[in-house]
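S.K.: Shown below is the structure under consideration.
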Amino acid sequence: MREETGADVGGAARADVGGAARADVGGATGMGVSGAAGARKLGVGIGWRHELDLSIERMAGVDFVEVIAENVTPAHLPESLRVLRSRGVPVIPHGVALGIGGADRPDPARLAHLAACAQALDAPLVSEHLAFVRGGGMEVGHLLPIPRTRESLRVVTENVRQAQDVLPVPLALENVAAIFGWPEDELTEAEFLAELVERTGVELLIDVANLYTNQVNLGLPAVAALDTLPLSHLAYVHVAGGHEHDGIWHDTHTAAAPQEVLDLLTELCSRTDPPGVLLEWDDDYPSDADLVAELDRVRTAMSLAGRR
Ligand SMILES: [Fe+2]
């Protein structure tokens, strides 16, 4: 690992980006209804982490990367990311602390930080989660599922519009691995995202490992979600591994993806040609050879799709 000057805030969901560089995004156009997702080609990528910086630099077959937005300072990008950008490798800022699914409007400082990251990295888009991470002044430290009600949809629609107005590039939202569901839910997550796309044109980051997690832990059918999600607005896909313990799937991003997750990727690829697929690996890092092998498993899963 190379020493970096960028801030590493560790506990990502608790990241305080208040002091982050503010970009002048006055000229930003935002993005209303977007049809660009399908036209943008990213390829197969991996989540950039400080611990993997040199591995990713020398690894063949990494078409794009994603960086946790709260872990970088736009004015002092890690050297490894500058190297990748100089090679033309797209770098997508991936936020974890905006909490766009919360009742509060998106924090202008956090939006400014995401915008600054996008500009510094010349990113094609920014991604975040359909989740809430704080309420009543309390930081949860976790990506919590939102109540999927019509009222909540109205609030989140406005939150997304406000974010789109500030961001200089399109926004994609990710489905989360939920640790519980709200009893008042009126819509499935896929239905909620479909309505949100319809209203805002927001793009989708579909995490098939999160779909799998929700299927195992909450009994939510993953393939049915793929049938409901508006995949024409798919920006890219996440794949990750985890561990089962006492019948509960823990989406830890610390192991090879189980075959069931790769099968879901194949299912998704049978419905659409995803612009990008990205492997998330966050700890217990394997050898470079093992990471390359995991990316090969991803490509194989994609190639098995008989497109409809
Ligand atoms: Fe993910």
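S.K.: Go through segment 248-273 and give me each residue that's within 14 Å of the ligand (Cβ to nearest atom), part of a loop (DSSP other than H, G, I, E, B) and not acidic (Asp, Glu).
M.R.: THR252, HIS253, THR254, ALA257, listed by residue number.
S.K.: So which of GLN215, GLN162 ends up being at pLDDT 95 or above, of a type outside the set (A, V, I, L, M, F, W, C), surrounded by fewer than 19 Cβ atoms within 10 Å (Cβ to Cβ) and within 16 Å of the ligand (Cβ to nearest atom)?
M.R.: GLN215
S.K.: Return yes when VAL208 is crowded, with 23+ Cβ neighbours inside 10 Å, at pLDDT 95 or above and within 13 Å of the ligand (Cβ to nearest atom) and no when it is not.
M.R.: Judged against the criteria, VAL208 is a match.
S.K.: Across segment 78-97, what is the number of residues that are in contact with a Ser or Thr (Cβ under 9 Å, 6 or more places away or on another chain) and surrounded by fewer than 20 Cβ atoms within 10 Å (Cβ to Cβ)?
M.R.: So the answer is 1.
S.K.: Could you tell me whether ARG161 is part of a helix (DSSP H, G or I) and free of Cβ contacts under 8 Å to residues at least 24 places away in the same chain?
M.R.: So ARG161 fails the test.
S.K.: Would you confirm, using the coordinates I've provided, whether GLU70 is more than 22 Å from ALA235 (Cα to Cα), in contact (Cβ under 8 Å) with a residue 12 or more places away in the chain and either surrounded by fewer than 17 Cβ atoms within 10 Å (Cβ to Cβ) or touching a helix residue (DSSP H, G or I) at 6+ places or on another chain (Cβ under 6 Å) (or both)?
M.R.: Judged against the criteria, GLU70 is not a match.
S.K.: May I ask you to verify whether PRO124 is touching a Lys or Arg at 6+ places or on another chain (Cβ under 8 Å) and modelled with pLDDT of 95 or more?
M.R.: In short, yes.
The values are calculated or read from the model by the stated rules, or taken from the named source; none is laboratory data. Fair warning: this is a prediction, and the values are worked out from it, not measured in the lab. For neighbour counting, all protein chains shown are included, and Cβ atoms are generated from backbone atoms with ideal geometry for every residue, glycine included.
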